[in-house]
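The next block holds one structure in the form of structure tokens; read it before the comments.
The values are calculated or read from the model by the stated rules, or taken from the named source; none is laboratory data. What you see is a predicted model, and the numbers here were worked out from it, not measured in a lab. No Cβ is skipped: glycine too gets one built from the backbone with ideal geometry, and neighbour counts run over all protein chains shown.
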């Protein structure tokens, strides 16, 4: 008689299934909520089962109707959702919450969910301030729950390719990193027009200590550190409010020093007229360089000391690293981008949850976590501190 290892038996006895998601925020009129719902559904690994979709109970209910959810699974607030979902049988209640609210709700909602035994996938930044991020890390460790952060640009196939090329030493020692994220939608005082998404972003009580830098600068910081494998050691920042009467910065120019001695430049702005979401990353090492632009997200350009530049394309075949191939879904020539980047974060997060459910959990998974969240908050702190001190060099801590 063959002996079946207990580990194998546990996997066979636990049926693989979709993971059940509850959403906090993201109701009618909320752009990012729709993005998360579409992205979570792309790979059919996640099912939306409940939500507290608005700070207004009535709006939460009608939003739930939009998504064809049962009335009794559409809650007035996240506190009610967590309480009532906890009381449901284990095979019916949500497995995790997706937090898609303004920044000031991220910490209290994540804390409540984690302490009630639910996993969390949160929009960035992780919290309103650095102190909350440190406290959140303690809660995650204490509860043992899974926590992820939707820095969606890390999910692009060509970003996965770039990261693996740097990790493999194909660029040599990294010397210089330039990352840019210009937008133009805040070139006028749009927050005074009733645009809800604009209004909270310039309110320190809801957005935090920084405006543009907290909103899109953290995306640029995260992308630079993710691909390079390096951390920003210190920075010199010049933040500006160009639009009169605005409460938080709308433009930032930052010099960077990395842990290995590499130097960098980070430019994030929301007053660049005509710019959409023109995120780009360039990295140079001792042997070569890489260039990627979100406007042409399927393309990665690799330059070498000798020979012509090489162009890598999404779904380009065996010459791509496995991490890039696994992140691509479509045949060559079909654009993959924003939604698919989010979807790759959701897919990997869902895989982690499924592996825990089946007893097949690995040591690590490639999606942003609380450590990335803490780095982002430290970056915001250092940037604001440096700018207030005439762009003095300031360490991240």
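Looking only at region 193-225, how many residues end up being out of contact with any helix residue (DSSP H, G or I) (no Cβ under 8 Å at 6 or more places or on another chain) and free of Cβ contacts under 8 Å to residues at least 12 places away in the same chain?
Within region 193-225, the subset out of contact with any helix residue (DSSP H, G or I) (no Cβ under 8 Å at 6 or more places or on another chain) is 193-196, 203-204, 212, 216, 220, 224.
Now drop any that are not free of Cβ contacts under 8 Å to residues at least 12 places away in the same chain, which leaves 193-195.
Qualifying residue count for the region: 3.
For residues that are in contact with a helix residue (DSSP H, G or I) (Cβ under 9 Å, 6 or more places away or on another chain) and in a helix (DSSP H, G or I), tally how many sit in region 111-140. Talk me through it step by step, then tell me what you get.
So the first thing to find is which residues in region 111-140 are in contact with a helix residue (DSSP H, G or I) (Cβ under 9 Å, 6 or more places away or on another chain), and the list is 111-137, 139-140.
Okay, now just the ones that are also in a helix (DSSP H, G or I), so 111-115, 130-137, 139-140.
The number of residues fulfilling the criteria is 15.
Checking the condition within 20 Å of residue 353 (Cβ to Cβ), at pLDDT below 95 and outside any loop (DSSP other than H, G, I, E, B), which residue from 82, 11 passes? So that I can check it myself, show each step before the final result.
Values: 82 fails: at pLDDT below 95.
The match here is 11.
Tell me which residues, restricted to region 351-382, are assigned to a loop (DSSP other than H, G, I, E, B) and without any contact (Cβ under 8 Å) to a residue 24 or more places away in the chain. It would help to see each step written out before you state the result.
Filtering region 351-382 down to residues assigned to a loop (DSSP other than H, G, I, E, B) leaves 359-369.
Passing the criteria: 361, 362, 363, 364, 365.
Can you tell me which residue in region 383-394 is nearest to the chain's Cα centre (by Cα), limited to those that are part of a helix (DSSP H, G or I) and surrounded by 15 or more Cβ atoms within 10 Å (Cβ to Cβ)? Walk me through how you get there before you give the answer.
As a first pass, look at region 383-394 and keep what is part of a helix (DSSP H, G or I): 383-388.
Checking which are surrounded by 15 or more Cβ atoms within 10 Å (Cβ to Cβ) leaves us with 383-387.
Working: 383: 20, 384: 21, 385: 24, 386: 25, 387: 25 Å.
In this case the residue turns out to be 383.
Only one of these is at pLDDT 95 or above and surrounded by fewer than 15 Cβ atoms within 10 Å (Cβ to Cβ): 301, 311. Name it.
Numbers: 301 fails: surrounded by fewer than 15 Cβ atoms within 10 Å (Cβ to Cβ).
Within the list 301, 311, the selection yields 311.
Might you let me know whether region 244-265 holds any residue that is touching a helix residue (DSSP H, G or I) at 6+ places or on another chain (Cβ under 9 Å), free of Cβ contacts under 8 Å to residues at least 12 places away in the same chain and surrounded by 15 or more Cβ atoms within 10 Å (Cβ to Cβ)?
Looking through region 244-265, none of the residues is touching a helix residue (DSSP H, G or I) at 6+ places or on another chain (Cβ under 9 Å), free of Cβ contacts under 8 Å to residues at least 12 places away in the same chain and surrounded by 15 or more Cβ atoms within 10 Å (Cβ to Cβ).
I'd like to check something: does region 40-50 contain any residue that is in the same structural domain as residue 115 (by TED's automatic domain parsing), closer than 17 Å to residue 116 by Cα, in contact with a strand residue (DSSP E or B) (Cβ under 8 Å, 6 or more places away or on another chain) and at pLDDT 95 or above?
Applying the first criterion (in the same structural domain as residue 115 (by TED's automatic domain parsing)) to region 40-50 yields 40-50.
Now drop any that are not closer than 17 Å to residue 116 by Cα, which leaves 50.
Of the ones still in play, those that are also in contact with a strand residue (DSSP E or B) (Cβ under 8 Å, 6 or more places away or on another chain) are 50.
The next check asks that each one be at pLDDT 95 or above; those that pass are 50.
Yes, region 40-50 has at least one match.
Against the condition touching a residue at least 24 places away in the same chain (Cβ under 8 Å) and either buried (at least 22 other Cβ atoms within 10 Å of the Cβ) or more than 19 Å from the chain's Cα centre (by Cα) (or both), how does residue 119 come out, does it pass?
Working: touching a residue at least 24 places away in the same chain (Cβ under 8 Å): yes; either buried (at least 22 other Cβ atoms within 10 Å of the Cβ) or more than 19 Å from the chain's Cα centre (by Cα) (or both): yes.
So residue 119 passes the test.
Please tell me if residue 238 is in the same structural domain as residue 188 (by TED's automatic domain parsing), assigned to a strand (DSSP E or B) and at pLDDT 95 or above.
Working: in the same structural domain as residue 188 (by TED's automatic domain parsing): yes; assigned to a strand (DSSP E or B): yes; at pLDDT 95 or above: yes.
Taking the combined requirement at face value, the residue satisfies it.
May I ask you to list pairs of residues, at least six apart or on different chains, whose Cβ atoms are under 6 Å apart, with the first in region 283-296 being free of Cβ contacts under 8 Å to residues at least 24 places away in the same chain and the second being part of a strand (DSSP E or B)?
Pairs found: 291/282; 291/301; 293/280.
Which residue out of 68, 31 is modelled with pLDDT of 90 or more, surrounded by fewer than 15 Cβ atoms within 10 Å (Cβ to Cβ) and under 15 Å from residue 99 (Cα atoms)?
Working: 68 fails: under 15 Å from residue 99 (Cα atoms).
31 is the lone residue from the list that is modelled with pLDDT of 90 or more, surrounded by fewer than 15 Cβ atoms within 10 Å (Cβ to Cβ) and under 15 Å from residue 99 (Cα atoms).
Is there a residue being surrounded by 18 or more Cβ atoms within 10 Å (Cβ to Cβ), in a helix (DSSP H, G or I) and either within 18 Å of the chain's Cα centre (by Cα) or on the phi > 0 side of the Ramachandran plot (or both) anywhere in region 189-206?
Yes, that holds for at least one residue.
Here is a yes/no grid of residues against (1) farther than 29 Å from residue 315 by Cβ; (2) out of contact with any strand residue (DSSP E or B) (no Cβ under 6 Å at 6 or more places or on another chain):
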site: 132; (1), (2): yes, yes
site: 148; (1), (2): no, no
site: 156; (1), (2): no, yes
site: 168; (1), (2): no, yes
site: 186; (1), (2): yes, yes
site: 206; (1), (2): yes, yes
site: 234; (1), (2): yes, no
